[in-house]
Amino acid sequence: MIAALETHGLTKAFGKAAPAVNGVSLNVPRRAIYGFLGANGAGKTTTLKLVLGLLRADAGSIRLFGQEAARERGRVGSLIETPSSYDHLTGRENLDITRILLGLERREIGRVLAIVDLAHAADQRVGSYSLGMRQRLGIARALLGDPRLLILDEPTNGLDPDGIRDMRVLLRRLPEAGDVTLIVSSHLLSEVEQVATHVGLLHRGRLLLESPLDALLGGIASVEVDTDDRVRAATILIDAGFAVTAASDKLLVAAADPAEIAALLMREGQRLSHLTRHRPSLEGIYHRHIALAA
Ligand code: ATP
């Protein structure tokens, strides 16, 4: 299937500094919610600006929907950095400015306001909006013209817990509404874990990892276990071929089934005092990859 976005060897340096984006090859499948992860300064915004044509790459190529990027940018909507709106105008009037510039019909405004759940506040001045409402207005603006790819740079930045929850609900809803692909940059791993179908991890300008989220979080569950004789238990498990690490007050057995571990230890006369399945988290995976890259 043709990817919504594909880059090859994308590179950009500012002045003499180490490249902010260094040989980045992304592949964002259509209809994905792609969580673009990385610490502050990792190069996320720079990458997204290159994709949007707001910056020129030093090297590399960008394809949107299988075509040369320049031909397809009209199908891309974006919210990059804090959205600027006119505070003295209403939400509807702000959207109207962009709508007229894009030559769209008036009913587009009602459509995008409904998607971001702002219809009730459309005729209030933006000056009275919360930050979360402003962010949603920015997304409404990005949705004008019904883009096939939506690029949102840190949409939860600065939001309170309610605003973050509203944003999560909105992000999940967007691809359901039609053939839309979402790229959402963030440094909030637990948020991304809740909405993304795919993740890409950028570290110091390089893409360390790109994967469907399922493949990353599934299949490698481990087991936490403890017994009345931890040293003996570790020996039994290692002899049986398991990879065991000792945490401060328990053993961690990689890629294992809890029932099998319990049966093995009990057969050897061990008394279990603790047994839980240890699910991998995006945060754990993130830190492991960063540590490996160091
Ligand atoms: P953040 O979450 O803080 O925005 P980021 O991952 O989006 O981080 P970028 O904003 O892409 O990171 O920045 C990557 C690096 O490039 C940083 O070291 C930054 O200082 C540098 N940089 C970005 N834009 C410019 C610019 N216009 N001129 C010079 N350096 C820049």
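What follows is calculated from the coordinates using simple rules that are stated; it is not laboratory data. These figures come from a predicted structure and were not determined experimentally. Don't worry about glycine lacking a Cβ; one is built from the backbone with ideal geometry, like all the others, and counts go over all protein chains shown.
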Antiparallel bridges, percent of DSSP beta bridges restricted to the chain (to nearest 5): 60
Under 26 Å from the Cα of residue 12 - lysines, other chains or at least 8 residues apart: 44, 49
For segment 64-205, share of DSSP beta bridges that run antiparallel, in % to the nearest 5: 20
Solution diffusion estimate, µm²/s, Stokes-Einstein, the chain, Kirkwood Rh from C-alpha pairs, 37 °C, viscosity 0.692 mPa s: 153
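Mind checking the full-extension length gain between residue 254 and residue 128? Use 0.36 nm per residue of separation minus the Cα-Cα distance, one decimal, nm. Please report the intermediate quantities before stating the final value.
Working: separation 126, 0.36 × 126 = 45.36 nm, distance 5.22 nm.
Full-extension gain reported as 40.1 nm.
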Per DSSP, loop chymotrypsin sites (Phe, Trp or Tyr not before Pro) in segment 1-60 with at most 13 further Cβ within 10 Å: 14
Gaussian network model of the chain, springs between alpha carbon atoms under 10 Å - residue of 44, 250, 12 with greatest fluctuation: 250
Fluctuation leader among 139, 100, 151 - the chain, Gaussian network, Cα springs under 10 angstrom: 100
Label-point separation in nm, residue 215 to residue 267, each point 7 Å along Cα→Cβ: 3.4
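Which values, in whole Å and largest first, are the semi-axes of the equivalent ellipsoid of segment 1-116 obtained as the square root of 5 times each eigenvalue of the Cα gyration tensor? Intermediate results must be reported in sequence, preceding the final value.
Working: eigenvalues 178, 66, 35 Å².
After diagonalising the Cα gyration tensor, the semi-axes are 30, 18, 13 Å.
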